[in-house]
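Readers should treat all values here as calculations from the given coordinates under stated rules, not as data from a laboratory. Predicted model, so just to flag it, every value in this text is computed and none were measured. So basically every Cβ, Gly included, is an ideal-geometry build from the backbone, and we count neighbours across all protein chains shown.
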Amino acid sequence: MSLQSLVLCSDETIMRVLRRVLSDLEISIEQCATADSAVRRLTRQRFEAVIVDCSDEDAAASVLSSVRSAPCNKHAVAMAIIDGQKAVRSAFALGAHFVLYKPVSAERARTSFRAARALMKVERRRNTRVAIEIPVLLGLGNGAVQQKATTSDLSEGGMAVYLARRAQKSGAFRIKFTLPGTECVVECAGEVAWENGGSQVGIRFVDLASELRTQLKAWLARHSPEIEKEDPPVPCKLTDLSLGGCYLEMATPFPAGTRVVLGMRMAELRVRVEGVVRVMHPEIGMGVEFIRTTGQQREHVEKLIQALMNSNGALPELVVEPEGMSDPEPAGPAQPVVDETEDPLLDLFRRKTELPTESFLSELRRQRGSHPEAAQAAVSA
């Protein structure tokens, strides 16, 4: 199934480039000449991407705000076409996830849209639901009270269930179920995402272990013909590293708030570390905070750092892939797990994201000189 994009742009030179590049990437285009027509389309049709020429800032603001308010498109990937570095902040403030600089060349557009397409596929896959009824056990009140439920559908991000009595409005609880036809028992924290006023409740998975997520993905792929094959991970270069996070240089970094998996291969060693993008600099790189809310996640982070510290100059293969965009108020990954006062890199990601790009990179270089061991581990990578 082709990915769908809505484009607000009247510049025929830009449109020629977009048609060629997006066609090669199997992304179809629906062009709108005015902001009003684009907003109407957003309320009636689902798109995986919304691409807006920001030469008219008022029109761009109207369309980008409509992306977030339209229920069927709130998870669409938004790309802003802008004039130069000065417009970057305003584009992101309007709700863009990626930016494409003018003049728009085929090479630059192809690079940007490859990263955007990977995120588009992830978001569509996460929201693809398989209708199925299976028993689920909910552990409420720290597991003291157990409640049985039955699913009506299942996806990567959560499930809809029928409850005999209303669920609690807030707070995490435990979920446990077995994937049909397998011996895989899925157990993780969950939270109420929505209620329909009756007995049906939407539950969002929180802190699902990477191994379980992989098995859930595989099961869903076997039972849903709509789920597409993932794009390959994106190569990256590690330049800065701490217990709490890292900075990755790459041509097409993912937007702030994206949950990512950093993979490292070195000889026989394979390590996968989960994180959340905290700061992104277009065409330069991104700062990732490691997720360490479970024992398994902490173990993976420690294994990665030890492997890099002991690499003795060997060059590991590093790749990163998106796992999805966080909700406006993420439930799990945002928990601080490392004391910022003892982790200057994490403090920089959390407190100084508004710095101009060059000032931020200068601070990174300064920290690198102050912490030579971590810098050496990053340089080795």
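Tabulated data
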quantity: Within the stretch 264-292: backbone nitrogen closer than 13 Å to the ARG366 label point (7 Å, Cα to C-beta); calculated: none
quantity: Distance from the stretch 66-128 to the stretch 1-41 (C-alpha centre basis), Å; calculated: 12
quantity: Distance violations [Cα-Cα > 26 Å] among LYS74/LYS121; LYS303/LYS352; LYS176/LYS217; LYS74/LYS217; LYS121/LYS237; LYS148/LYS217; calculated: LYS303/LYS352
quantity: Prolate/oblate/rounded label for the stretch 130-223 (Cα gyration tensor, a/c 1.5); calculated: prolate
quantity: Förster-model FRET efficiency, 30 Å R0, SER10 and SER224, C-beta, rounded to 0.05; calculated: 0.20
quantity: Full-extension gain in nm, GLU57 to ASP83, via 0.36 nm per residue minus C-alpha separation; calculated: 8.2 nm
quantity: Dimensions (Å) - the stretch 39-128, Cα atoms, principal axes, largest first; calculated: 35, 28, 19
quantity: Computed [θ] at 222 nm, deg cm²/dmol, the chain (DSSP H ≥ 4; -39,500 (n - 2.57); rounded to nearest 500); calculated: -10000 deg cm²/dmol
quantity: Relative contact order of the stretch 3-126, defined on C-alpha pairs under 8 angstrom at six or more residues apart (%); calculated: 26
quantity: Long-range HN-HN contacts of ALA193 with modeled amide H, under 5 Å; calculated: GLY202, ILE203, ARG204
quantity: Theoretical FRET efficiency, 1/(1+(r/R0)^6), r = Cβ-Cβ of GLU342 and LYS237, R0 35 Å, to 0.05; calculated: 0.85
quantity: Rh (Kirkwood; distinct C-alpha pairs) - the chain, Å; calculated: 22.2
quantity: Residue-span extension gain [ARG20 to ILE134] - 0.36 nm each, minus C-alpha spacing; calculated: 36.5 nm
